[in-house]
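Below you'll find the structure, written out as structure tokens, and then a few comments.
The values are calculated or read from the model by the stated rules, or taken from the named source; none is laboratory data. Because the structure is a prediction, the values reported are computed rather than measured. Using ideal geometry, Cβ is built from the backbone for each residue, glycine included, and neighbour counts are taken over all protein chains shown. Just so you know, the surface numbers come from the protein's heavy atoms only, side chains and all, with ligands and any DNA or RNA stripped out. Shrake-Rupley method; radii C 1.70, N 1.55, O 1.52, S 1.80 Å.
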Amino acid sequence: IYEKSSKEQSAGVLGPWASKSQMDAKYGVNGWRAVKRFAVFQAGSNSWRCIDNGLTSGHNGAVTMWERIHTTSSCVGFSVAKRLVELERANGGSIPKIFRATRGMKSAYRQCPRWEGHANVHIVCAYHPELQQWMFAELCGLAFGISIAVILFNRIPSFITAVARRWLAIPAIHFFDDFKITATAKTRKFAWKNFNALVDILG
């Protein structure tokens, strides 16, 4: 946990370690709340990930969420491919070869900044092995393990997908932080180039 947190500090998504008294001085006694970190091993990437326990810290219980997460059903990809075939054949063409490309968002939640007004409840704690005590640090991005972060984050790929479809006519879909683009041989270069340009514009 300490090693992963240190990497996040080097990347600028986690602030420096501070003691409880330092946090009290900044936010006032009982004016802030920390989330305890734990680590899970991800066999696929052969690495550890820090999870911020929003359940035991009370963060999740303090939030009423009217929004719900929505992702794309797997059948949508087949529907897009079917529609591309229908359009090609309606214009006198043969059955086209269908291509797909995927793009994932790097450091998904972490790259989305938290609102400054939530800084006092966007603090994580971990046991510091060198100082031999519990230390605290402010998260600059959204936290893994806080349920509302999922909903807040999900608005971003939903927006990117909507713009790609409506503005650029790119049949894009997303599943959380992974995008999929479907195209024919004639349109695949246009779709990939312009989707990536859109992501660059939006940051």
Tally of residues being open to solvent by less than 60 Å² (accessible area, probe 1.4 Å) and farther than 30 Å from PHE144 by Cβ across segment 188-200: 2
Any pair with Cβ under 8 angstrom, 6 or more apart, that starts in segment 1-25 at a residue that is under 21 Å from ASN53 (Cβ atoms) and in contact (Cβ under 8 Å) with a residue 12 or more places away in the chain and ends at one that is assigned to a helix (DSSP H, G or I) and of a type in the set (Asp, Glu): LEU14/GLU8
Test: LYS193 is more than 26 Å from MET23 (Cβ to Cβ), basic (Lys, Arg) and assigned to a loop (DSSP other than H, G, I, E, B): no
Qualifying positions in segment 1-24 - within 15 Å of VAL35 (Cβ to Cβ) and charged (D, E, K, R): LYS4, GLU8, LYS20
Scope segment 117-134; condition assigned to a helix (DSSP H, G or I) and either open to solvent by less than 80 Å² (accessible area, probe 1.4 Å) or in contact with a strand residue (DSSP E or B) (Cβ under 6 Å, 6 or more places away or on another chain) (or both); matching residues: GLY117, ALA119, ASN120, VAL121
Checking PHE159 against (1) open to solvent by 80 Å² or more (accessible area, probe 1.4 Å); (2) over 17 Å from the mean Cα position of the chain (by Cα), the condition it does not meet: (2)
Looking only at segment 162-176, and only at residues there that are surrounded by fewer than 18 Cβ atoms within 10 Å (Cβ to Cβ) and under 24 Å from MET65 (Cβ atoms), the one that is nearest to the chain's Cα centre (by Cα): PHE176
Residue count, segment 94-116 (criterion: open to solvent by 80 Å² or more (accessible area, probe 1.4 Å), over 28 Å from PHE144 (Cβ atoms) and of a type in the set (A, V, I, L, M, F, W, C)): 1
Residue that is most open to solvent (accessible area, probe 1.4 Å), among those in segment 8-27 that are at pLDDT below 90 and part of a helix (DSSP H, G or I): ALA11
Considering residues of segment 177-187 that are buried (at least 16 other Cβ atoms within 10 Å of the Cβ) and in contact (Cβ under 8 Å) with a residue 24 or more places away in the chain only, the residue farthest from ARG89 (Cα to Cα): ASP177
Which numbered condition CYS140 fails, given (1) buried (at least 17 other Cβ atoms within 10 Å of the Cβ); (2) without any contact (Cβ under 8 Å) to a residue 40 or more places away in the chain; (3) under 30 Å from VAL63 (Cβ atoms); (4) of a type in the set (A, V, I, L, M, F, W, C): (2)
Candidate set from segment 28-78 (those that are open to solvent by less than 60 Å² (accessible area, probe 1.4 Å) and in a helix (DSSP H, G or I)); member that is modelled with the highest pLDDT: VAL76
